[in-house]
1. Please enumerate the residues belonging to region A:27-60 that are at the interface with chain B (Cβ under 8 Å from one of its Cβ atoms) and under 14 Å from the mean Cα position of the chain (by Cα).
2. Pairs please, first residue from region B:33-45 and under 11 Å from B:Met144 (Cβ atoms), second anywhere and aromatic (Phe, Trp, Tyr), Cβ atoms under 6 Å, 6+ apart in sequence or on different chains.
3. Out of all the residues in region B:101-141, which are buried (at least 19 other Cβ atoms within 10 Å of the Cβ), among the β-branched types (Val, Ile, Thr) and at pLDDT 90 or above?
4. Considering only region B:42-52, I want to know if a residue exists there that is crowded, with 21+ Cβ neighbours inside 10 Å, at pLDDT below 95 and within 24 Å of A:Val58 (Cα to Cα).
5. Confirm whether A:Phe24 is aromatic (Phe, Trp, Tyr), facing chain B (nearest Cβ under 9 Å), crowded, with 17+ Cβ neighbours inside 10 Å and over 24 Å from B:Leu24 (Cβ atoms).
6. I need every pair where a residue in region B:62-91 that is at the interface with another protein chain (Cβ under 7 Å from one of its Cβ atoms) and closer than 23 Å to A:Met63 by Cβ has its Cβ under 6 Å from the Cβ of a residue that is of a type in the set (Asp, Glu) and crowded, with 24+ Cβ neighbours inside 10 Å, sequence separation at least 6 or different chains.
7. Please determine, by comparing only the residues of region B:167-188 that are touching a Leu at 6+ places or on another chain (Cβ under 8 Å) and within 10 Å of chain A (Cβ to nearest Cβ), which one is nearest to B:Ala34 (Cα to Cα).
8. Sort out which residues of region A:61-95 are at the interface with another protein chain (Cβ under 9 Å from one of its Cβ atoms), β-branched (Val, Ile, Thr) and within 21 Å of B:Met26 (Cα to Cα), and write them in order of number.
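The values are calculated or read from the model by the stated rules, or taken from the named source; none is laboratory data. Fair warning: this is a prediction, and the values are worked out from it, not measured in the lab. Here the Cβ positions follow ideal geometry from the backbone for every residue, glycine too, while neighbour counts run over all protein chains shown.
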Amino acid sequence: MADTAAHNEAHAEPNYLAVFGWLFVLTVVEVGIIYLPIPQLMIAAGLVLLASVKAALVAIYFMHLKFEKVVIWWIAIIPAILCVFLILMLIPELA
Amino acid sequence: MSEAATLHREPAETPLTPESWGKLGMWIFLCGDAMTFGTLIVTFGIMRIAAADWPVPAEVLGINLTAFMTFLLICSSVTMVLALSGIKRGNMQEFRKFMLLTILGGAFFLACQAYEWTHLIHQGVTISANKFGSPVFGDTFYIMTGFHGMHVFGGVVYLIVMLVGGLTGRITQANASVVEIAGLYWHFVDLVWILIFTFVYLL
């Protein structure tokens, strides 16, 4: 229902202050998590996840990806795909 | 099917036809820029794992200051969307106010970064040497934060042009889309900082 309402109002703005609140809270969690007495790998996994969520929030709400056509989504996602590819290509260098 | 008929046919609207060519252009630019940042971050990660004596970033870099810098950029992203929201509704006063706040946020970020760099150089972390361990640490640190800082500087100049356009009446509600395009660039710089803050400072 809420989805239909958002589509009807083409220029309806997202709740920017709520997005700001989430970004703020997630940043605090990120800084806090590095001091937790848990294995380094878990901290790293948590940080990557939190950073990805924050980056996605900025792209989807602030950069209005939410209201864009599929072609813009593809343009936005291509660098991320290529980065994963680059990581996979460089991992053998570590061995 | 004459030749003239094919020549004069209007190009059909395809899924590739954007609402705004300027916006599409900015997205394509940001796509390329993201690849540059992505390459820098990934190669940094690989060199870091390969290095034996990598220092713990939180012990060398000031997390409190950079967390505050993250907060600054997030705030300036919010004021950017509020400035856009203002000009879209034709409220130029709101546009000018929030645009000025966005510019100040960016300038303050740069000031913090200048302070941070000066402090680190005094502590013995430079582009070629590092008192705390692997010299690649200083190398990658200055290249990544420097490349990002240049983007913030460029962004501040870009936003000043927008604000001046608003003051002189060249940018109004009618061409508010140029502000949206400038906003895309600014949010992208914020997004990249979120990643750099996580991967360089916290991880």
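1. Correct list: A:Thr27, A:Glu30, A:Leu47, A:Val48, A:Leu50, A:Ala51, A:Lys54, A:Ala55, A:Val58, A:Ala59.
2. As it stands, the answer is B:Ile41/B:Phe199, since those pairs meet every condition given.
3. Result: B:Thr102, B:Ile103, B:Thr140.
4. No, region B:42-52 contains no residue that is crowded, with 21+ Cβ neighbours inside 10 Å, at pLDDT below 95 and within 24 Å of A:Val58 (Cα to Cα).
5. No, not satisfied.
6. Listed by first residue and then by second, the contacts come to B:Ser77/B:Asp190.
7. If we take residues in region B:167-188 being touching a Leu at 6+ places or on another chain (Cβ under 8 Å) and within 10 Å of chain A (Cβ to nearest Cβ), then B:Phe188 is nearest to B:Ala34 (Cα to Cα).
8. The answer is A:Val70, A:Val71, A:Ile72, A:Ile75, A:Ile78.
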